[in-house]
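Scroll down for the structure; my scribbles are underneath it.
The values are calculated or read from the model by the stated rules, or taken from the named source; none is laboratory data. Every value quoted in this text rests on a predicted model; they were computed, and no experiment measured them. Virtual Cβ from ideal backbone geometry, glycine too; neighbours counted across all protein chains shown.
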Amino acid sequence: MVLLVLFVFFAMTSSAFLKITNLINVARQISMLGIASVGMAFVLLLGGIDLSIGSVVTIVNIGIAWLMVKADVPPVIACTIALVGSTTIGFLNGYIIAKVKMPPLIVTLSSMIMIEGFAYIICKGVPIFGFPKGFAFIGQGYIGPVPFPVIILIFILAIGAYILNKTYFGRYFYAVGGNEEASKLSGINVDRVKYLVYSLSGFFAGIAGIVMLSRTNSGQVTSGKGFEFDVLTAVVLGGVSVNGGFGRISNVVAGVLIIGILSNGLVLLNVSAYIQMVIKGAVLMSAVAFDCIQKNKKTTHAVN
Amino acid sequence: MDTGNVILKLENIIKTYPGVTALDGVTIEINRGEVHAIVGENGAGKSTLIKTCTGAVKPDSGNIIIDSNTFKSLTPKESANQGIAVIYQEFNLVGELSIAENIYLGRALRKGITIDRKKMVEKSRAIFNQFGLDINPEELVRNLTVGYQQIVEIAKAMSQDAKILIMDEPSAPLTNQEVEAMYKIVDRLKEKGVTIIYISHRMNEIFRLSDRVTVMRDGEKIDTLDTSSTDINTLVKLMVGRELNETYPGRDFPIMEDILLEVKDLNGNGLHDINFKIQKGEVLGFAGLIGAGRTELAELIFGIKHAVSGTIYMNGKVLNCKSPKQAIDNGIALVPEDRKKLGAHLDISVRENTSIAILQRISKNSVVDKTKENEIAEYYREFLRIKTPHLEQKVKNLSGGNQQKVIIGKWLASDPDLIILDEPTRGIDVGAKFEIYSLVNSLVSEGKTILMISSEMEEIMGMSDRIIVLSEGRITGEFNKKDFDQEKIMAAASNIER
């Protein structure tokens, strides 16, 4: 419903909004957001959070750029190395969270800072560019009228939905998020679930990073900055509760679209970047507030 | 208005929730200084009724008359101001604070602006002395077991000098010795002129403590009787609308010679030198006071905790469960004591709860076979007679007894050979209790073996073939059915040997 309202609002206030090129642009822009959102949604279902994905995107950007330009590694291999790396980062996050039993907020916040540091070290603060021709296809190519990133997005969304709805370990995400103790007693290996979820978050962030690099065509140290908050906002807007145990991929799509349209529309209306920040922050707070209010309503209605 | 003898009157209270009428025009009069019991099956409306008195719930219509003051509804603060205090089944305690701080939660005793801890500890100790209990008020609440936390809740209400004290299943987690102590407190409160509204499923408590008893069923008040002029059968009949012929269904299945589980020289998790055997088809009861180590023993068998030394054998082979999953794969199931915290996933459906322990078994290539899942959930819904509008209902919306059935269904689905039941009928009404006892019998008839932990003497004597008594981590007694004797079992449970 919010989606509809926003759409109509921008359609009316900006002449550029409804142009096909613009809409395709929006679709392409949200694809990175959407891909990472699937990972973040999994983490939120678990009752956790992953603040490191922005830095993961950055280091994937820098890493692949460096490998391709400075070490002459073919793009495919560079991307593979990057994905293995991002998944490992995710796994390490999950491992520390599960074994040392630390709050996910602190662990992923710390990783975020450390990884950003590594990115600076690799590129020494200087952007890297000059990529092989074929690489640009990922972020800028089309299959028919559809931008390639959108195709990747749809594919990832499908995988995400499949995992949550069909597989047994997808169910475990909900179970552990809803009641970790009871899950343990039901024979679920809670630690392994955590490893899996955070690894997936890292993996999807890695893919998002590859798409971004291919679009911008230069490896920059600022590429992932703030990304995690946009993703978090999209996922919470998409109805996934920060408390864990509740949410669906289909609704996350709506959340992603809302953020995408909001960002795009604000730019078209020439709203200053600073005001955009205020608005985005407000949106995140309202989304989580809405989620909590819903939760409170539910408990007072439960008949005991 | 001349209230005379009546201190609290609820007049024609109606309360509905979406799809459910919790209270359907209920009128009750509570006399000053009496102990008034309220009984009824789960879902009868007892909880909603007391929540109306404490301000946790606002009725749709009706009057609440306290002394000569009439209210359409109360807030918790107004209710407290009117002298109403309540002890709920679910505790309002802060684990990270001490017992004394919890007793004075929100009303900390102060010296100027600093908290007077010494005074709070002193006063708390005085309250516990009334119980005849030696508890250190500086102990952190999170280190207490469920039973002791209940005691802190009772102490909290007592420290507030209530005029009307509402007790909702207060003795549920207490053992017999502590229940006796609690009876004495109720007696003492009565002497002080406190009016007590007492909700319990335990008939013997009703008859020991109450002056009058009100029966509720399906949101209606059925009748109020003088306790001295009625009996258990009449009450039960009014509660369930049918007669119960026996409290414990008979069982006549032969116990097999084969030994299913053998525990040898087990030490760990607070237990010492544990040795026993369970035969196939047996119902082995574990009696003992709170803290005796029964739940701890279950944790060792189920792989939640690891033993320091000793061996467990199942079907002759060494069993070394390092995790609940291994225990489940070996055919052991554990229905835990605290079902809300440990047993059920309240926010997901009956169907999903039922299948959760066996998801991998009903999945092919990681994909859950939803048809099979529905079959299994439907099967257990019928078999266990779980009262739910449909399988997708969230478990938190079911009554306590039905939640317990869902949890049992989950475990039956894993097809265990040994089922450990830890306080299986805690907080469950008479009708549902009987169903669970019958269920235990049908499980035995199918060749399952049961290890039952219970603090209810009658229950454990009525259901077990053999009883082992634990005290302070050691076995202090073993009784065969023909030798069951309440006093002897209690004596073994209270045994403190050093």
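Figures for the structure shown
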{"item": "Index of the failed condition, B:Leu391 passing every other in (1) assigned to a loop (DSSP other than H, G, I, E, B); (2) within 14 Å of chain A (Cβ to nearest Cβ); (3) modelled with pLDDT of 85 or more", "result": "(2)"}
{"item": "B:Pro424, sole failed condition from (1) surrounded by fewer than 19 Cβ atoms within 10 Å (Cβ to Cβ); (2) not in a strand (DSSP E or B)", "result": "(1)"}
{"item": "Subset of the stretch B:181-237 (residues that are basic (Lys, Arg), at pLDDT 80 or above and under 24 Å from B:Glu90 (Cβ atoms))", "result": "B:Arg217"}
{"item": "Qualifying residue in the stretch B:70-84 (condition: part of a loop (DSSP other than H, G, I, E, B), over 24 Å from the mean Cα position of the chain (by Cα), surrounded by fewer than 13 Cβ atoms within 10 Å (Cβ to Cβ) and modelled with pLDDT of 85 or more)", "result": "yes"}
{"item": "Elements of type helices (runs of 4 or more DSSP H) contained in the stretch B:291-367, each with 3 or more residues being in contact with a Lys or Arg (Cβ under 8 Å, 6 or more places away or on another chain)", "result": "B:350-355"}
{"item": "Neighbours by Cβ (under 9 Å, 6+ apart or cross-chain): first from the stretch B:183-212, in contact (Cβ under 8 Å) with a residue 60 or more places away in the chain; second among the small types (Gly, Ala, Ser) and in a helix (DSSP H, G or I)", "result": "B:Ile199/B:Ser47; B:Asp211/B:Ser228"}
{"item": "Matching residues in the stretch B:442-458 - criterion: being closer than 21 Å to B:Ala413 by Cα, surrounded by fewer than 19 Cβ atoms within 10 Å (Cβ to Cβ) and in contact (Cβ under 8 Å) with a residue 40 or more places away in the chain", "result": "B:Ser445, B:Gly447"}
{"item": "Among (1) part of a helix (DSSP H, G or I); (2) in contact (Cβ under 8 Å) with a residue 40 or more places away in the chain; (3) farther than 26 Å from B:Pro336 by Cα - the single one B:Glu153 does not satisfy", "result": "(3)"}
{"item": "Pairs where the first residue, in the stretch A:216-232, is on the phi < 0 side of the Ramachandran plot and the second is modelled with pLDDT under 80, C-beta under 6 Å, 6+ apart", "result": "A:Ser218/A:Phe129"}
{"item": "Conditions (1) within 10 Å of another protein chain (Cβ to nearest Cβ); (2) assigned to a helix (DSSP H, G or I): number failed by A:Lys194", "result": "(1)"}
{"item": "Those residues of the stretch B:280-300 which are within 25 Å of B:Gln486 (Cβ to Cβ) and without any contact (Cβ under 8 Å) to a residue 60 or more places away in the chain, in sequence order", "result": "none"}
{"item": "Test: B:Ala44 is aliphatic (A, V, I, L, M), in the same structural domain as B:Met167 (by TED's automatic domain parsing), outside any strand (DSSP E or B) and touching a Gly at 6+ places or on another chain (Cβ under 8 Å)", "result": "yes"}
{"item": "Given (1) touching a Leu at 6+ places or on another chain (Cβ under 6 Å); (2) part of a helix (DSSP H, G or I), number of the condition A:Ile96 does not satisfy", "result": "(1)"}
{"item": "Any chance B:Gly33 is out of contact with any Cys (no Cβ under 8 Å at 6 or more places or on another chain) and in a strand (DSSP E or B)", "result": "no"}
{"item": "All positions within the stretch A:154-190 that are outside any helix (DSSP H, G or I) and either more than 7 Å from every other protein chain (Cβ to nearest Cβ) or closer than 22 Å to B:Gly331 by Cβ (or both)", "result": "A:Ser186, A:Gly187, A:Ile188, A:Asn189"}
{"item": "All positions within the stretch A:180-222 that are small (Gly, Ala, Ser), farther than 21 Å from B:Asn353 by Cβ and surrounded by 24 or more Cβ atoms within 10 Å (Cβ to Cβ)", "result": "A:Ser201, A:Gly202, A:Ala205, A:Gly206, A:Ala208, A:Gly209, A:Gly219"}
{"item": "Failed item, numbered, when A:Ile152 is tested on (1) farther than 23 Å from A:Met68 by Cβ; (2) under 19 Å from the mean Cα position of the chain (by Cα); (3) among the hydrophobic types (A, V, I, L, M, F, W, C)", "result": "(1)"}
{"item": "Test for A:Ser241: is it touching a residue at least 40 places away in the same chain (Cβ under 8 Å), in a loop (DSSP other than H, G, I, E, B) and more than 13 Å from the chain's Cα centre (by Cα)", "result": "yes"}
{"item": "Hey, B:Gly303 free of Cβ contacts under 8 Å to residues at least 60 places away in the same chain, at the interface with chain A (Cβ under 10 Å from one of its Cβ atoms) and more than 26 Å from B:Arg251 (Cβ to Cβ) or not", "result": "yes"}
{"item": "Cβ pairs under 7 Å, 6+ apart, first in the stretch B:322-338 and in contact (Cβ under 8 Å) with a residue 12 or more places away in the chain and facing another protein chain (nearest Cβ under 9 Å), second surrounded by 17 or more Cβ atoms within 10 Å (Cβ to Cβ) and of a type in the set (Phe, Trp, Tyr)", "result": "B:Pro324/B:Phe302; B:Ala327/B:Phe302; B:Leu334/B:Phe302"}
{"item": "Of all residues in the stretch B:413-435 being away from chain A (no Cβ under 13 Å) and touching a helix residue (DSSP H, G or I) at 6+ places or on another chain (Cβ under 7 Å), the one that is farthest from B:Glu169 (Cα to Cα)", "result": "B:Ile419"}
{"item": "Odd one out for B:Phe383 among (1) surrounded by fewer than 21 Cβ atoms within 10 Å (Cβ to Cβ); (2) hydrophobic (A, V, I, L, M, F, W, C); (3) at the interface with chain A (Cβ under 10 Å from one of its Cβ atoms)", "result": "(3)"}
{"item": "Evaluation of B:Asp347 against (1) out of contact with any strand residue (DSSP E or B) (no Cβ under 9 Å at 6 or more places or on another chain); (2) surrounded by 15 or more Cβ atoms within 10 Å (Cβ to Cβ); (3) charged (D, E, K, R); (4) in contact (Cβ under 8 Å) with a residue 40 or more places away in the chain (one fails), failing number", "result": "(1)"}
{"item": "Test for B:Leu93: is it touching a residue at least 40 places away in the same chain (Cβ under 8 Å), within 30 Å of the chain's Cα centre (by Cα) and under 20 Å from B:Pro170 (Cα atoms)", "result": "yes"}
{"item": "Residues that are modelled with pLDDT under 75 and surrounded by 15 or more Cβ atoms within 10 Å (Cβ to Cβ), drawn from the stretch B:1-19", "result": "B:Thr3"}
{"item": "So B:Ile376, is it modelled with pLDDT of 85 or more and assigned to a strand (DSSP E or B)", "result": "no"}
{"item": "Some residue of the stretch B:365-376 being under 30 Å from B:Tyr313 (Cβ atoms) and of a type in the set (D, E, K, R)", "result": "no"}
{"item": "Single residue of A:Ile188, A:Ile151 found to be closer than 19 Å to A:Val256 by Cβ and either hydrophobic (A, V, I, L, M, F, W, C) or modelled with pLDDT of 85 or more (or both)", "result": "A:Ile151"}
